[in-house]
Amino acid sequence: VSDLSERLSGVISRFDILKENDGIIIELHADAGIMINADITKLEQVVYNLINNAVTYTGDDNTVIVRLYRKAPGLMRFEVTDHGDGIAPEYLPYIWDYKVSERNKTHKRAKMGSGIGLSIVKNVLEQHGFAYGADSTVGQGSTFWFEAPEYQEPPEIEPPRQSLRLRKNSEEQK
C-alpha cells in the first residue's frame, strides 16, 4: 500500500530537464493522502509513461496537466491532459497497440520515444484490474486516465470480550 499523492512529485521531477530546456510546464493537482494497493514500481512506470506521452504530444502552450482525485467514495482517478493535436475518434481504440502507435512518428519530440509506452500502460493496468482510457478532441488535445479503488484501512476490530465466571468451591459453600 502506497501514498500515490506523495509519489507523484517524484515521478514529475524526472521531467525537470525538459521543464528547464524546453519550457515544458507540468501542473500537478492532487488530493492529499490517496492510498493505493498496487505494485507501486509498475504504477510509477504507468504515471511516467502517461506524462511522457503528454509531453511528447503537447501543444504550443507546452502545458501538461496532471490530476489525482477522489472520483467517488473509495474510487480514485488519475488523469494526464495535453493541449496537442488530439486523436481522431476512429484511432482511439487502437492507441494502446504498440504496432499502431509506433508508426505515428510525426510529433515534435519523435526522437524521444519508441512507441511502446501506451502498450506498457495497458498491460500494467490490466494486470491490476484497473479501468483506463483516453478522451480526445481533434485540435484540442487528449486526456489519458485510469481509475482504481482507493485503499481504505480496515476498521480495527476489538477482540471479543471473554466473560469469566468465578465459581465458589463446592466445599466452601457447605
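The values are calculated or read from the model by the stated rules, or taken from the named source; none is laboratory data. The model shown is predicted, which means the values in this text are computed figures rather than measured ones. So basically every Cβ, Gly included, is an ideal-geometry build from the backbone, and we count neighbours across all protein chains shown. SASA here: full protein model, heavy atoms, side chains in, ligands and nucleic acids out. Shrake-Rupley method; radii C 1.70, N 1.55, O 1.52, S 1.80 Å.
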Worksheet entry | Unmet criterion (only one of (1) more than 24 Å from K122 (Cβ to Cβ); (2) in contact with a strand residue (DSSP E or B) (Cβ under 8 Å, 6 or more places away or on another chain); (3) among the polar types (S, T, N, Q)) for N21 | (2)
Discussion item. For segment 46-76, give me the residue count where each residue is at pLDDT 95 or above and among the aromatic types (F, W, Y).
Written reply: 2
Worksheet, complete the sentence: Filtering segment 63-81 down to residues that are β-branched (V, I, T) and either farther than 16 Å from G133 by Cα or open to solvent by 10 Å² or more (accessible area, probe 1.4 Å) (or both) yields T63, V64, I65, T81
Item to complete: State all residues of segment 9-27 that are in contact (Cβ under 8 Å) with a residue 24 or more places away in the chain and open to solvent by 60 Å² or more (accessible area, probe 1.4 Å); if no residue qualifies, say none.
Response: R14, D22, I25, E27
Practice prompt. Would you check if E6 is in contact with a Gly (Cβ under 9 Å, 6 or more places away or on another chain), outside any loop (DSSP other than H, G, I, E, B), open to solvent by 40 Å² or more (accessible area, probe 1.4 Å) and not aromatic (F, W, Y)?
Written response: yes
Worksheet item: Restricting attention to segment 28-60, which residues are over 23 Å from I120 (Cβ atoms), of a type outside the set (A, V, I, L, M) and open to solvent by 70 Å² or more (accessible area, probe 1.4 Å)?
Response: H29, D60
